[in-house]
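Here is the structure we will look at.
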Amino acid sequence: MSRRGQWALLIALAAAAGLGAGLWHGGYFAATPAAPDLPGQRPPGLVEGDILPEDLALTALDGTPLPLSALRGRPLLINVWASWCAPCVEEMPELASFASEQGDNGIQVIGLALDSPEAVHAFLQRVPVPYPIAIEPPGPADSSVALGNARGLLPYTVLIDAQG
């Protein structure tokens with residue numbers, strides 16, 4: 001093999017190793033959690049068809065409580081995001097446009113930021129949205145998990161019908 005061919009092969013192998021390491025570190029190859037083993041056992045949080053618990057409440061960015069039960073009567077779309085999440089940031093303008101089109105009788109939209117207040121305020125200065133933003137620190141028991149996001153993926157969106 002020529003010297004040029006050796007260099008090309010070395011560069012290709014280094015690129016493949018870098019790509020593989022990036023995917024591995026980013027969780028691309030993480031195992032999917034197994035389905036529950038016992039009959040009747042469910043993953044944590046809501047699943048399709050469940051009724052939203054009456055006591056599930058978020059905290060608005062200004063610190064006021066935002067009980068989800070008070071929003072019944074119209075469908076509710078909850079989008080879970082973070083300022084550091086590139087796909088979240090990419091979809092925000094579309095969600096903002098969607099929310100603006102809904103009017104007083106359409107689907108209500110709420111953003112749930114799993115982030116710090118400082119990061120969310122800075123983000124909303126750059127990318128303002130017309131819908132309420134709730135906030136809480138991310139963690140194994142955050143509201144997105146209660147809404148069915150057992151794997152903690154972002155962005156994560158839930159659509160709740162008018163009856164909850």
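crowded, with 16+ Cβ neighbours inside 10 Å, touching a residue at least 40 places away in the same chain (Cβ under 8 Å) and in contact with a Gly (Cβ under 9 Å, 6 or more places away or on another chain): which single residue out of 131, 156 fits that description?
Of the residues listed, the single one that is crowded, with 16+ Cβ neighbours inside 10 Å, touching a residue at least 40 places away in the same chain (Cβ under 8 Å) and in contact with a Gly (Cβ under 9 Å, 6 or more places away or on another chain) is 156.
Restricting the search to region 84-113, which residues are among the aromatic types (Phe, Trp, Tyr) and farther than 23 Å from residue 136 by Cα?
98
Can you find, within region 50-75, the residue that is farthest from residue 115 (Cα to Cα) among those that are of a type in the set (A, V, I, L, M, F, W, C) and out of contact with any Leu (no Cβ under 7 Å at 6 or more places or on another chain)?
For region 50-75, the residue satisfying everything is 51.
Just the residues that are open to solvent by less than 20 Å² (accessible area, probe 1.4 Å) and assigned to a helix (DSSP H, G or I), please, taken from region 74-93.
88, 92, listed by residue number.
Go through region 145-164 and give me each residue that's polar (S, T, N, Q), modelled with pLDDT under 90 and either in contact with a Pro (Cβ under 9 Å, 6 or more places away or on another chain) or within 23 Å of residue 90 (Cβ to Cβ) (or both).
149
Pick from 113, 134, 96: which is outside any loop (DSSP other than H, G, I, E, B) and out of contact with any helix residue (DSSP H, G or I) (no Cβ under 9 Å at 6 or more places or on another chain)?
96
Conditions tested, residue by residue: (1) open to solvent by 40 Å² or more (accessible area, probe 1.4 Å); (2) closer than 23 Å to residue 57 by Cβ; (3) more than 12 Å from the chain's Cα centre (by Cα).
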{"residue": "99", "(1), (2), (3)": "no, yes, yes"}
{"residue": "105", "(1), (2), (3)": "yes, no, yes"}
{"residue": "113", "(1), (2), (3)": "no, yes, no"}
{"residue": "122", "(1), (2), (3)": "yes, no, yes"}
{"residue": "125", "(1), (2), (3)": "yes, no, yes"}
{"residue": "139", "(1), (2), (3)": "no, yes, yes"}
{"residue": "143", "(1), (2), (3)": "no, yes, no"}
{"residue": "148", "(1), (2), (3)": "no, yes, no"}
{"residue": "160", "(1), (2), (3)": "no, yes, yes"}
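The values are calculated or read from the model by the stated rules, or taken from the named source; none is laboratory data. On a predicted model such as this, the values are computed, not experimentally measured, just so you know. Here the Cβ is made from the backbone with ideal geometry for all residues, glycine too, and neighbour counts use every protein chain on show. Protein only, heavy atoms only, side chains kept; ligands, DNA and RNA dropped before computing areas. Shrake-Rupley method; radii C 1.70, N 1.55, O 1.52, S 1.80 Å.
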